[in-house]
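Have a look at the structure below before the remarks.
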Amino acid sequence: MLSTRTLFGILLVVLGGLLLLDQTGAIEAGDAETGVTIMQMDAGLDTGGILLQRALPIGAEDTAADLHDRLARLGAALLVEALDGLAAGRLSARPQPAAGVAYAAKLDRAEARIDWRDPAEAILRRLRAFTPWPGLWFEARGERIRLLAAAARKNGGAAPGTLLEDDAVACGDNTALMLKSVQRAGRSPMAMAELRRGFPIAPGTRLA
């Protein structure tokens, strides 16, 4: 009889934790690849031996939803390969390396609020990592505005969180984030310029 196996959408030699498909952490960290690990369960927390691993490149525009689907397909194929290998006696578990393993904390909704002190590229990675859930948002005039699409550029020196003339927002490290698509609660997605026509936010406003 085969003992229990676990599928992880993650390369366990780099990161171990709660999420079976940890596409969010890989994108937010700026990793070039993620992957799938088939491991054998033991008494510890994600400490079992590794049976099979496959890497999966992360594209520059990949969101968590994109990676989730690709990891699921890769994981299903790899699980079949692992079961066939075990049944045929061709596969045995190898210990996980002790070095380079970190704990992946559970995602918190509070992390979805944009911190404009971060560099624009870091906010973009988080946007991709948090799409579709929990999404990213900022506050303007006391209302939460969800950010759906953006692009990074240089900033002329305005304080982080300042709305600029071209519908960009100043960020950390002298960068800015151009807000391409946003959404108010209960409304359809729209360009930032369109939102400002019906929901005035003057350039120079500090967004929270």
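Some observations on this one:
- Restricting attention to the range 123-177, the residues being assigned to a loop (DSSP other than H, G, I, E, B), of a type in the set (D, E, K, R) and in contact with a helix residue (DSSP H, G or I) (Cβ under 7 Å, 6 or more places away or on another chain) number 1.
- Against the test of being outside the structural domain of Ala151 (by TED's automatic domain parsing), under 30 Å from Thr131 (Cβ atoms), out of contact with any Gly (no Cβ under 7 Å at 6 or more places or on another chain) and not β-branched (Val, Ile, Thr), the options Leu56, Leu86, Leu67, Leu71 yield a single qualifying residue, Leu67.
- The range 180-208, subset surrounded by fewer than 16 Cβ atoms within 10 Å (Cβ to Cβ), in a helix (DSSP H, G or I) and not charged (D, E, K, R), residue nearest to the chain's Cα centre (by Cα): Ala193
- Condition check for Gly59: exposed (fewer than 15 other Cβ atoms within 10 Å of the Cβ) and either in contact (Cβ under 8 Å) with a residue 12 or more places away in the chain or within 30 Å of Thr205 (Cα to Cα) (or both): no
- Filter result for Gly48 (surrounded by 15 or more Cβ atoms within 10 Å (Cβ to Cβ), over 30 Å from Ala185 (Cβ atoms) and not assigned by TED's automatic domain parsing to the domain that holds Ala168): yes
- Hits in the range 40-62 (condition: assigned to a loop (DSSP other than H, G, I, E, B), among the aliphatic types (A, V, I, L, M) and farther than 19 Å from Arg94 by Cβ): Ile58, Ala60
- Residue match in the range 100-120 (condition: in a strand (DSSP E or B), at pLDDT below 95, among the aliphatic types (A, V, I, L, M) and closer than 30 Å to Gly44 by Cα): yes
- Candidates Ala176, Ala149, Ala129: the one that is out of contact with any Ser or Thr (no Cβ under 6 Å at 6 or more places or on another chain) and closer than 25 Å to Ala29 by Cα is Ala176.
- Any chance Gly35 is farther than 27 Å from Arg128 by Cβ, modelled with pLDDT of 85 or more, not aliphatic (A, V, I, L, M) and not in a loop (DSSP other than H, G, I, E, B): no
The values are calculated or read from the model by the stated rules, or taken from the named source; none is laboratory data. The structure presented is a predicted model; accordingly, all values stated were derived computationally and were not measured. When we count neighbours, we look across all protein chains shown, and the Cβ atoms used for this are built from the backbone with ideal geometry, even at glycine.
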